[in-house]
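First up is the structure itself, then whatever we jot down about it.
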Amino acid sequence: MFKNFIMCMFVMCMLVISGCVQTSFTEFSLSELEEFQYGTENKDFLMTDGYLIFEISSENEYNKSKGFIVETLSKYFINPRNIMHSKKDSKDLVIVQVDVPILRTMNDDLVAMYYIYNNDTLYFKLSPQKLSELNSEMSSAMGYGLNKVRNLEISLTMHNDSNMPSKYTIPDMFVNNVPTFGDRFELAIDGKIDLTLTNFQVERALADPIEIFKM
């Protein structure tokens, strides 16, 4: 029986104005995902820490709009909090901490973006309705919304923190920034791999959960 609690960190999701990069990054522990699936608690979902990072026109705009931002994001993400302003490469950014769910089954009514883990398989899913509504609210109030979904880069890291090598399969995607055709691989003890979904996979995630990792 695994001793650790579930821990997978949703590090950043950038929802920014047209022409800028959008990124979602999450690190998963293989042993903790197995504990979620086979553990005695039998939870319907687990909640992980996450961050939303998106560009804003200026620090003054942030100061005027931060209440609206938190209120709006609360409709599409879970428990937005600890909002702050940051600067990077002359860009003004908003950072908001949220809770990100990993579910056992699909539920587009819950949040705009989430993961599913069952039958030793990790999936990614986007809610088209919630993304559209969020884009509309942000655009109406602040003059900008989300980029096209196909420009949303979804990246994740798989960490084998068990005491033996782990066999896994993946579909066609980028592995450590190299295009890779789906196959059976082995992840060494304490090994990590970085996976990035293709644009086609991200677009498909609007309709169906996309398989991205299978143990």
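Within the set of pairs 6+ apart or on separate chains, which have a first residue in the range 161-187 that is free of Cβ contacts under 8 Å to residues at least 12 places away in the same chain, a second that is surrounded by fewer than 17 Cβ atoms within 10 Å (Cβ to Cβ) and in a strand (DSSP E or B), and C-beta atoms under 8 Å apart?
Listed pairs, sorted by first residue: Thr180/Phe174.
Can you pull out every residue in the range 190-215 that is closer than 16 Å to Leu33 by Cα and not in a strand (DSSP E or B)?
Within the range 190-215, Asp190, Gly191, Met215 qualify.
Taking the range 56-108, which residues are without any contact (Cβ under 8 Å) to a residue 40 or more places away in the chain, under 19 Å from Ala141 (Cα atoms), part of a strand (DSSP E or B) and under 16 Å from the mean Cα position of the chain (by Cα)?
Pro80
For the range 43-62, what are the residues that are hydrophobic (A, V, I, L, M, F, W, C) and either at pLDDT 80 or above or in contact with an Asp or Glu (Cβ under 7 Å, 6 or more places away or on another chain) (or both)?
Scanning the range 43-62 gives Phe45, Leu46, Met47, Ile56.
Looking for something out of contact with any Leu (no Cβ under 7 Å at 6 or more places or on another chain), surrounded by fewer than 16 Cβ atoms within 10 Å (Cβ to Cβ), small (Gly, Ala, Ser) and under 30 Å from Asn118 (Cβ atoms) - is there at least one such residue anywhere in the range 90-102?
No, because not a single residue in the range 90-102 is out of contact with any Leu (no Cβ under 7 Å at 6 or more places or on another chain), surrounded by fewer than 16 Cβ atoms within 10 Å (Cβ to Cβ), small (Gly, Ala, Ser) and under 30 Å from Asn118 (Cβ atoms).
List the residue pairs whose Cβ atoms are under 8 Å apart, where the first residue sits in the range 125-137 and is under 23 Å from Thr26 (Cβ atoms) and touching a residue at least 12 places away in the same chain (Cβ under 8 Å), the second is of a type in the set (Asp, Glu) and in a loop (DSSP other than H, G, I, E, B), and the two are 6 or more positions apart or on different chains.
Lys125/Asp108; Lys125/Asp208; Ser127/Asp108; Ser127/Asp109; Pro128/Asp108; Gln129/Asp108; Lys130/Asp108
Just to be sure before I move on: is Phe28 buried (at least 20 other Cβ atoms within 10 Å of the Cβ) and either within 19 Å of Lys88 (Cα to Cα) or modelled with pLDDT under 85 (or both) in the structure I sent?
So Phe28 passes the test.
The values are calculated or read from the model by the stated rules, or taken from the named source; none is laboratory data. Computed from a predicted structure; not experimentally measured. Note that each Cβ is placed from the backbone with ideal geometry, even for glycine, and that neighbours are counted across all protein chains shown.
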